[in-house]
Amino acid sequence: MASIEREVESALLNAISAVTGVNFFTSERGTARTLPNVVAKSSIGSEEITPFSGVFKTPSSLTYTARADTISRTEFDAKFQSIMAQLYRSPDLASYITSNSNITCYIANVIAESPSIISVNRTWNKEITLDITATAKK
């Protein structure tokens, strides 16, 4: 099994995989990526409940990036809303992640989104920040 943070990244990308026309990457790959893309990043934070519980806060993000000279702001925003819609699953994102990965996810909440325009490489960029608490399945 991969690390908890890699499992969270893969699970988040799996949750939004129905969105078409976007390339998906985890944080493991440091080389150039094809645009438009969504990159998932996750890290192990504090251990929850008690020491040695194996349940960790796993701060995570999804960053959607597209070239501003090949897509309009309206199209970019519409695609971003499609990505966001996939995160609001029924019954909830934590249940979806648990049933479609090698981790048990207790909490999976979208807590923020932040837009930016990067003028040097002419890209639109929006990041979704998630609060995730998870452990490895036994």
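Anything in the range 75-134 that is of a type in the set (V, I, T) and part of a loop (DSSP other than H, G, I, E, B)? List them, or say none. Show your work before the answer.
First pass over the range 75-134, keeping only residues of a type in the set (V, I, T): 83, 97-98, 103-104, 107, 110-111, 117-118, 120, 123, 128-129, 132-133.
V120, the sole residue that qualifies.
Select from the range 55-76 the residues that are among the hydroxyl-bearing types (S, T, Y) and in contact (Cβ under 8 Å) with a residue 60 or more places away in the chain and write down the one among them that is farthest from G45 (Cα to Cα). Spell out how you get there, then give the answer.
So the first thing to find is which residues in the range 55-76 are among the hydroxyl-bearing types (S, T, Y), and the list is 58, 60-61, 63-65, 70, 72, 74.
If we keep only those that are in contact (Cβ under 8 Å) with a residue 60 or more places away in the chain as well, we get 58, 60-61, 63-65.
Values: T58: 5, S60: 10, S61: 13, T63: 19, Y64: 23, T65: 26 Å.
Checking each candidate, the answer is T65.
In the range 34-48, which residue that is surrounded by 14 or more Cβ atoms within 10 Å (Cβ to Cβ) and free of Cβ contacts under 8 Å to residues at least 24 places away in the same chain is farthest from D131 (Cα to Cα)? Working first, answer last.
Let us first name the residues in the range 34-48 that are surrounded by 14 or more Cβ atoms within 10 Å (Cβ to Cβ), namely 35-45, 47-48.
Now restrict to residues that are free of Cβ contacts under 8 Å to residues at least 24 places away in the same chain: 45, 47.
Values: G45: 11, E47: 14 Å.
In this case the residue turns out to be E47.
From the list T31, T20, T65, T70, which residue is surrounded by 14 or more Cβ atoms within 10 Å (Cβ to Cβ) and either at negative phi or not in a loop (DSSP other than H, G, I, E, B) (or both)? Let's see the steps before the verdict.
Working: T31 fails: surrounded by 14 or more Cβ atoms within 10 Å (Cβ to Cβ); T20 fails: surrounded by 14 or more Cβ atoms within 10 Å (Cβ to Cβ); T70 fails: surrounded by 14 or more Cβ atoms within 10 Å (Cβ to Cβ).
The conditions single out T65.
Being over 22 Å from G21 (Cβ atoms), of a type outside the set (G, A, S) and surrounded by 15 or more Cβ atoms within 10 Å (Cβ to Cβ), is that true of even one residue in the range 113-126?
no
Search the range 79-97 for residues being of a type in the set (S, T, N, Q) and touching a residue at least 24 places away in the same chain (Cβ under 8 Å), and hand back the single one that is farthest from S17 (Cα to Cα).
S82
I need a count of the residues in the range 92-127 that are β-branched (V, I, T), over 12 Å from P59 (Cβ atoms) and touching a Leu at 6+ places or on another chain (Cβ under 9 Å).
Taking the range 92-127 and keeping what is β-branched (V, I, T), we get 97-98, 103-104, 107, 110-111, 117-118, 120, 123.
Narrowing further to those that are over 12 Å from P59 (Cβ atoms): 97-98, 103-104, 110, 117-118, 120, 123.
With touching a Leu at 6+ places or on another chain (Cβ under 9 Å) added as a condition, the list becomes 97, 110, 123.
Residues in the range 92-127 being β-branched (V, I, T), over 12 Å from P59 (Cβ atoms) and touching a Leu at 6+ places or on another chain (Cβ under 9 Å): 3 in total.
Just to be sure before I move on: is T133 touching a residue at least 12 places away in the same chain (Cβ under 8 Å) and over 27 Å from P51 (Cα atoms) in the structure I sent?
Numbers: touching a residue at least 12 places away in the same chain (Cβ under 8 Å): yes; over 27 Å from P51 (Cα atoms): no.
So T133 fails the test.
Which ones in the range 1-17 are in a loop (DSSP other than H, G, I, E, B) and more than 13 Å from I128 (Cβ to Cβ)?
Within the range 1-17, the subset in a loop (DSSP other than H, G, I, E, B) is 1-3, 16-17.
M1, A2, S3, S17, listed by residue number.
FYI, it's all coordinate maths here, none of it is from the lab. Everything numeric in this text was worked out from a predicted model, so none of it was measured. Don't worry about glycine lacking a Cβ; one is built from the backbone with ideal geometry, like all the others, and counts go over all protein chains shown.
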